[in-house]
1. Cut-off under 26 Å on the C-alpha distance; same-chain residues fewer than 8 positions from A:K353 excluded. Which lysines are left, in chain and number order?
2. Using the Cα centre of chain A as origin and beta-carbon charges of +1 (Lys, Arg) and -1 (Asp, Glu), tell me which of A:P391, A:S337, A:V350 is placed farthest towards the positive end of the dipole.
3. Given charges of +1 on the Cβ of Lys and Arg and -1 on the Cβ of Asp and Glu, with all other atoms neutral, how large is the dipole of segment A:2-238 about its Cα centre, in debye to the nearest 20?
4. Which ordering of A:F405, A:F493 is given by a fewest-first count of other beta-carbon atoms within 10 Å?
5. Can you give the relative contact order of segment A:2-238 as a percent, counting alpha carbon pairs under 8 Å and 6+ residues apart?
6. Starting from the Cα gyration tensor of segment B:1-85, multiply each eigenvalue by 5, take the square root, and state the resulting semi-axes largest first in whole Å.
7. Please work out the Cα convex hull volume for segment B:113-183 and give it in Å³ per residue.
8. With each label point set 7 Å from Cα along the Cα-Cβ vector, what nm distance links A:A368 and A:R355?
Amino acid sequence: MRQALHIFKKDVRHLRFEIAIVLIVTAAFAFVSARRAFWLDDPGANRGPAWMMSQFLLPLAWWILIVRVIHAETLPGDRQFWITRPYEWKSLLGAKLLFIAAFVNLPLLAADVMIIGAYGFRPWAEIPGLLWRQVLCSVVFLLPVAVVCAVTSGLVQLLSAGFVVFVAVLVWSTALPGTTPGGSWGALDWVTLYYAILVAALAALPILIWQYAARKTWAARGVAAGAAIVAMLGGTLIPWTSAFAIQSRLSKQRFDVLAMHVEFDWERKWLARARVDRDEKQVQIELPLLITGMPAGMDAKPDGLVMAIEAPDGAVWRTTRKPWAQVSADRFLSLYSDVDAAFYRKVKDVPVKLRGTFYFTVYGNSLATNIPSNSRYVAVPRMGRCAASGPTGRDGYFLLCGSAFRWEPALVIARFVEPGKHAVNGIASHPLRRLQPLSYSPFPADLDINPVSQFFSWTTSPTKLSEVVIQSEEPLAHVKREFEIDGLRLGEFEVKPTSVLR
Amino acid sequence: MSGDVLRAIDLGKRFGRTMVLDGMNMAVPEGAIYGLVGPNGVGKSTTIKILMNILQPSAGGAEVFGHDLRRISPGDLTRIGYVSENQEMPEWMTVEYFMNYLKPFYPTWDEGRADELLRQFELPRDRKLRHLSHGMRMKAALASSLAYRPRLIVLDEPFTGLDALVRDELIAGLLESADGATVFISSHDLAEIESFASHIGYLDRGRLQFSEEMSSLTQRFREIEITMEGTAARVSEWPASWLRVEQSSTLVRFVDAQFEKERTMADVRRLFGEGRQVDVRPMPLREIFVTLAKAGRKAA
């Protein structure tokens, strides 16, 4: 420990200018981000470019500091003075980690406390989020950079490694578009993200320890490259349905879902469509489904769908592109799927069987919170803290909400309300804003440079609006239901392509 | 052998397809000043880097203070001083900060001696290492490696690129401060090594050609010139220890690598009979190595 502190002190002295830069950038980031909390009082507080720049500069400053401190005792090579001195590898690694903790993690923690404090969050109530954010930032932004530094001997090698990674990602995303992980599963994207984070965490720290202990640079480079490939490629190999299964397992079913079923809505059969593309290569099938057995006061949100069409002769069409579904406000479910036109023509006049699995999330436990206009931040369940102002300027009414470290996975509707009118009364309500749940992640913080996610909404009204009502529903269960529709003749629903006027 | 500070046992090192060291066996007794010499690029620095556990051997092994070098610990390194001509130093440190920084790593660090070394080498304490000349940097490296009274001092080509004055200062400083420590030094500067080495090893094309005490080496190498009274007989096969044999009608000149007066004279009598003048001259180290290098190339 004494040796680690000795090396740490040397690094502090050596890198005092770099440390100063990180502290200044962190302070600027904290100031600019905290000022955004007062946006409603002072429109100038939302200094967009300064905020954007601070979010970009902060990790850049971290990375420069990490590069400098790790390369102060370069690991690859045979000419460094320190390798023939009685350095304990544990002390050296400890000194470097202590340095990163002291000048990256700790200032970030202080900045987070300051930023969430500006919105009125109490730091001690947000300790899980504060700590988890430190874990995420360390695993995603700091440790991988430390590993790359530990297996490179200088800036040239480091930049070469960065260039190789950049080219690899570019080639991959160009050659295999659509296979980059995440980005298409909506609230379930966190599964692939956390898979990559888990791989990074499981690989980065052992590689770092191994490299400091043994200095087997080429082997460590190989393992690091392998881990990067596993992290990126593995995410694309996780089936969407597995992600949903993980989600279901991690979430408590908050009510009995056994009574819920999905079936074809025969009463609304007239809504069914089979739309033939103009080039007649694809046919889009739209079918009305019905969710039965859902308790009153609950809403369903579709997450995904897997479907196959079986012809009487045994021919089967399986959806190659992900089919999708949507639920209307009155709970009617529509299923959409593209079918190959050749298969469609073959089966359109015979009764076919549709088999599918529908994945959806049920929301309920509605809560409403009233926020008077011109109020300071107040706590809003499932939303964080919100402030409202208005009228300002040309009768503008504003709502600003901040959520510490992540949004809760709630469906939220915000409505600006006239005095004396009921919030949920459609006539009295002014433009509403609906937030889709951003993530079903069970962890207390999301991966983001900024510790507070902001939601902003505004409206204008010729009449005076007195308050904002924020209504939210929380996810109660993630449900998977199989369905089967027998005896459909798809040709009955055919809609010819409309000609386009030129 | 007990009492050996450094030992190499069938040590081998290969870089790709190139064999740099091949079956090296060597022992450096305690208190010796061992010079590892040989032409450039024959594996001297590789040997030292393996002995310092900077590089891993491809074959064989080595011991330092009786420990397998692969298990060399920071504790062992507190007893070893290492200086290399191409060592990367913490350029941003001043000489004084460098010394102060290293001090806590060594339980035996002698502050008085460190001051003395800085004075002796005339090192400017407040100057950054990056602003020192090559010679001054070598002095700083040596001072920082002598201040804790190491029991083994390893020097890799320390005199390369130094002017004569700095070289003398370094050697003087080393000898004054060695204080009974074992010194292992690699160099292709034979004249310098000759002046203070007690043991010598000759490395050529990855193989240690010999490793012995300096006194025995200089004893066994002699340049011999035989002047005939008549025409010398043509000899079809020379004794194996005779190197660089040159013969004219009345003169034969060679280097005997295993000189023993009686045996050498007996060989001369056997080949050339009586009635000749024999001049026997001791050889400087430099000439011995030139002879060996030429013989080695010829054999290759």
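1. Here the lysines satisfying the reach criterion relative to A:K353 are A:K269, A:K281, A:K301, A:K322, A:K480, A:K496.
2. Result: A:P391, furthest along the dipole toward the positive end.
3. Numbers: 18 positive and 10 negative charges, 154 e Å.
With Lys and Arg at +1 and Asp and Glu at -1, about 740 debye.
4. Numbers: A:F405 24, A:F493 19.
Going from least to most buried by this count: A:F493, A:F405.
5. On the way: 225 pairs, mean separation 55.1, N = 237.
Relative contact order, segment A:2-238: 23 percent.
6. On the way: eigenvalues 81, 41, 35 Å².
After scaling each eigenvalue by five and taking roots: 20, 14, 13 Å.
7. On the way: hull volume 5.8 nm³, N = 71.
Spread over its residues, the Cα hull of segment B:113-183 gives 82 Å³ apiece.
8. Simple spin-label model gives 4.6 nm for this pair.
Taken together, the values in this text are just the output of simple stated rules run on the coordinates, not laboratory data. Computed from a predicted model, the values in this text were never measured in an experiment. Note: ideal-geometry Cβ built from the backbone for every residue, glycine included; neighbour counts use all protein chains shown.
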